[in-house]
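No lab work stands behind these numbers, since they all come straight from the coordinates. What you are looking at is a predicted structure, and each value in this text was computed from that prediction instead of being measured. So basically every Cβ, Gly included, is an ideal-geometry build from the backbone, and we count neighbours across all protein chains shown.
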Amino acid sequence: AQYHINAAIAWAVRRYVDVCGDEVFLREYGAEMLFETARIWMDIGHFNPRRDGAFCIHEVTGPDEYTVLVDNNHYTNRMAQAHLFDAARTAEWLADTYPDAYAALAERIGLQAEELRQWRHAAEAMYLPVDERLGIFPQDDTFLDKPRLSRQASAKRPLLLHLHPLTIYRHQVCKQADTVLALVLAGGAVDQQAKRRNLEYYEDVTVHDSTLSASTFAVLAAEVGALDKAYKYFLESLRVDLDDLHGNAAHGVHLASMAGSWLALTWGFGGLRVHSGQLQLTPRLPPEWQSYRFGVVWRNTRLRVAVDTAGVTYSLLDGNAIEFNHAGATQHLHSGQTLHFPSLSLSPVESPTQPLQAVIFDLDGVLADTAVLHQAAWQSLATELAIPFAPSQAERMRGLDRRASLAILLEHVKRPYSEIEKQALSDRKNASYQALIKQLGPHNLLPNARAAIEAVRAAGLMVALASASRNAPEIVRKLGIAELFDYIVDAAKIEHSKPAPDIYLDAAKGLGVHPNACLGVEDAVAGLVSIRAAGMSSLGIGDPQILVDADAVLTTLTHFDPIVFMAGQALPARPTQVSAKQRSNDSTDPKVEE
């Protein structure tokens, strides 16, 4: 079911032709390879009327071998799209440039003009959805619906030697890069924020049981400016045998992983790409290095790329002239000539470390227990609709916005609801909730909530509120703490709700603070995922067994001390722990979560 191998062959053909400029190969051999392998997509895919005519591909397995026989694997669809576009364009090029060769090839393999139109139509209609809540590409049609594998279950690796395959298949767990690989190989049209969201999300569910995985994550991490992550993944790929990271070096060296470490260097830190037949470079220097260099052979020329703390130097070692793109601008280099550019500065979303400057609080379950009011309002709506509403559903609603919560309420209802009906139901629930919050007052604050906010302000840090509730401004006013916030996110203006990072990124922007300089405080798993995706440090409030993705956990805010998180005056984008020296002796102080 790994049909994506056809697209990999086509990708390699195109890459060879672009790098070498070998039109003879393309005319004599490559074009036929592109055409014959492209035919598989029309055989296994179809234009789906239930998806507004989108081209869908069913029952496939992508690079992730822990998720099998699925519909619309993102990697497969994205690579098939690139393959079909390339095959159609190559046919047009061959017909225009070498009409006799094209006519002979078309007759030999039975290629018709209608088939070319179908290829282009399928590519244009390829099904590549974006999840509205997360703002990411779902790995397949059902991947995001599955539960995540617990840390305990995923502790022994490789998973396939410790868990039954069916156990693995019904969980949201990746053996290796899948969607991330698609964004590396065919993600030229995807913006950096979307790539960053996808990297952060799939990083959490990928166990890297394949030695081919780390280098791909290194490349994408470097592209979005997360050089600390890129360096970590680079070392994993580079040292897989030296440190026997997978426990099987005795069976033989991992040559593909060695090649991956080279790609992590050149594609990752060097920013080497080929787009539309043009060589592109965006070199950056990892903080751990003083310099690095590598060579690029491009169409009978040899270019040396040398990067150090002062910047990047390009030297043409062989050949008469080369045209390439540096950091978005076309450059020309002639024989014996050298070009030097200053170091590329990281954009605000890319800066690796920042001193702690702000704390961003969730509202419900952190500062006040309004969950009981939400639950009562949802229960009232469920009673009106005569549908069941279980406590487990209420728990899953924690941290989610109104429409996402409504989807949970209606998940077992067979009757379909229109968008207008869903909006009406959301409004009815909100009306019930607003009636309940009229009773709120300062007495509804959770223990030490006000003192915690005041402690943050006393420490010279800014404070923001990132609640998914559109009623948050009214609630904090009734709780008597509205004046303590420097910024309150308007949930109505957030396009992607938790667990997408948008709400926390908006809070940081509203404060004028870099996301990496913020600590997010949450009681819900969705909120912690949101914090991490925003590149912030996280403090979980609640059960450490549930909030396993938090950087530190407190059962309540009673012993919250912002000074703990200011120790050293610098936080990495996502620290793996709060050191023992930063914790007090109280048994309820932050719990270290590896």
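Counting alpha carbon pairs within less than 8 Å and at least 6 residues apart, what relative contact order, in whole percent, applies to the stretch 167-244?
Once divided by the residue count of the stretch 167-244, the mean separation gives 33 percent.
Take every Cα-Cα distance within the stretch 325-445, group them into 10 Å bins from 0 onward, and report for each bin the whole-number percent of pairs it holds.
P(r) for the stretch 325-445, in whole percents per bin: 10, 29, 17, 12, 12, 10, 7, 3, 0.
Normalise the Debye intensity by I(0) for the stretch 83-151, one equal point scatterer per Cα, no solvent, then take log10 at q = 0.14, 0.19 Å⁻¹ and round to two decimals.
-0.60, -0.79
Share of Cα-Cα pairs in the stretch 462-567 beyond 17 Å, in percent?
Here the tail beyond 17 Å accounts for 54 percent of pairs.
With each pseudo-label sitting 7 Å past Cα toward Cβ, what's the Met258-Arg89 distance in nm, one decimal?
3.4 nm
What distance in nm separates the two pseudo spin-label positions at Trp289 and Leu242, each 7 Å out from Cα along the beta-carbon direction?
Using points 7 Å along Cα→Cβ, the separation is 1.3 nm.
May I ask for the percentage of alpha-carbon pairs in the stretch 120-229 that lie more than 19 Å from each other?
48 percent
Which of rounded, prolate, oblate describes the stretch 237-339, given a ≥ b ≥ c as roots of the alpha-carbon gyration tensor eigenvalues and a/c under 1.5 marking rounded, otherwise prolate only if a/b is larger than b/c?
It comes out prolate by the Cα gyration axes.
Do you know the relative contact order of the stretch 278-350, to the nearest whole percent, from alpha carbon pairs under 8 angstrom that are 6+ apart?
Here the relative contact order equals 28 percent.
With an 8 Å cut-off on Cα pairs and a minimum separation of 6 or more residues, tell me the relative contact order of the chain in percent.
Once normalised by length, the contact order is 10 percent.
Only bridges whose two residues both fall in the chain count here: according to DSSP, what percent of them are antiparallel, nearest 5?
65 percent
Considering only DSSP beta bridges with both partners in the stretch 274-344, what is the antiparallel share in %, to the nearest 5?
Antiparallel bridges: around 95 percent, rounded to the nearest 5.
Could you tell me the calculated FRET efficiency between His251 and His340, based on Cβ-Cβ distance and R0 = 51 angstrom, to the nearest 0.05?
The calculated FRET efficiency here is 0.65.
Among Ala122, Ala101, Ile5, which residue has its Cα positioned farthest towards the positive end of the charge dipole of the stretch 1-129, with +1 placed on the Cβ of Lys and Arg, -1 on the Cβ of Asp and Glu, and the dipole taken about the Cα centre?
The one lying farthest along the dipole's positive direction is Ala122.
Sum -39500 (n - 2.57) across every DSSP H segment of at least 4 residues in the chain, then divide by the residue count to get the 222 nm mean residue ellipticity, nearest 500.
After summing the helix terms and dividing by the residues of the chain, the value is -11500 deg cm²/dmol.
Using the Cα atoms of the stretch 1-129, I'd like the radius of gyration and the largest Cα-Cα distance, Dmax, both in angstrom.
For the stretch 1-129, the Cα-based Rg and Dmax read 14.9, 47 Å.
Amide H neighbours of Ala552 under 5 Å, counting only residues 5+ apart in sequence or on other chains, H built in-plane at 1.01 Å?
Ser538, Gly540
For Glu419 and Lys438, calculate 0.36 nm times their separation in residues minus their Cα-Cα distance, and state this gained length in nm to one decimal.
Full extension from Glu419 to Lys438 adds 4.0 nm.
Counting Lys and Arg as +1 and Asp and Glu as -1, each charge on the Cβ, what is the dipole of the chain about the Cα centre in debye, to the nearest 20?
840 debye
Please identify the trypsin sites (Lys or Arg not before Pro) of the stretch 136-213 that satisfy two criteria: DSSP loop assignment and at most 11 other Cβ atoms within 10 Å. Which are they?
Sparse-neighbourhood loop trypsin sites (Lys or Arg not before Pro): Lys156.
Taking every DSSP beta bridge that has both residues in the stretch 256-407, what percent is antiparallel when rounded to the nearest 5?
90 percent
At a Förster distance of 56 Å, what's the computed FRET efficiency of His332 paired with Thr556, Cβ-Cβ distance as r, to 0.05?
0.30
So what's Rg/Rh here for the stretch 394-465, counting alpha carbon atoms and using the Kirkwood radius for Rh?
Here the Rg-to-Rh quotient is 1.14.
Excluding same-chain residues fewer than 8 positions from Lys429, which lysines have a Cα within less than 29 Å of its Cα?
Answer for Lys429, where 29 Å is the Cα cut-off: Lys146, Lys414, Lys438, Lys478, Lys493, Lys498, listed by chain and number.
Rounded, prolate or oblate: which fits the stretch 440-500 when a ≥ b ≥ c are the square roots of the eigenvalues of the alpha-carbon gyration tensor, with rounded for a/c under 1.5 and prolate only if a/b beats b/c?
oblate
Given the options Leu479, Val372, Ile360, identify the residue whose Cα lies farthest towards the positive end of the charge dipole of the chain (+1 on Cβ of Lys, Arg; -1 on Cβ of Asp, Glu).
Leu479
Along the Cα→Cβ direction, 7 angstrom out, place labels at Asp543 and His162. What is the inter-label distance in nm?
Simple spin-label model gives 2.3 nm for this pair.
Assuming a ≥ b ≥ c are the square roots of the Cα gyration tensor eigenvalues, decide whether the stretch 23-66 counts as rounded (a/c under 1.5), prolate (otherwise, with a/b larger than b/c) or oblate.
In terms of gyration-tensor shape, oblate.
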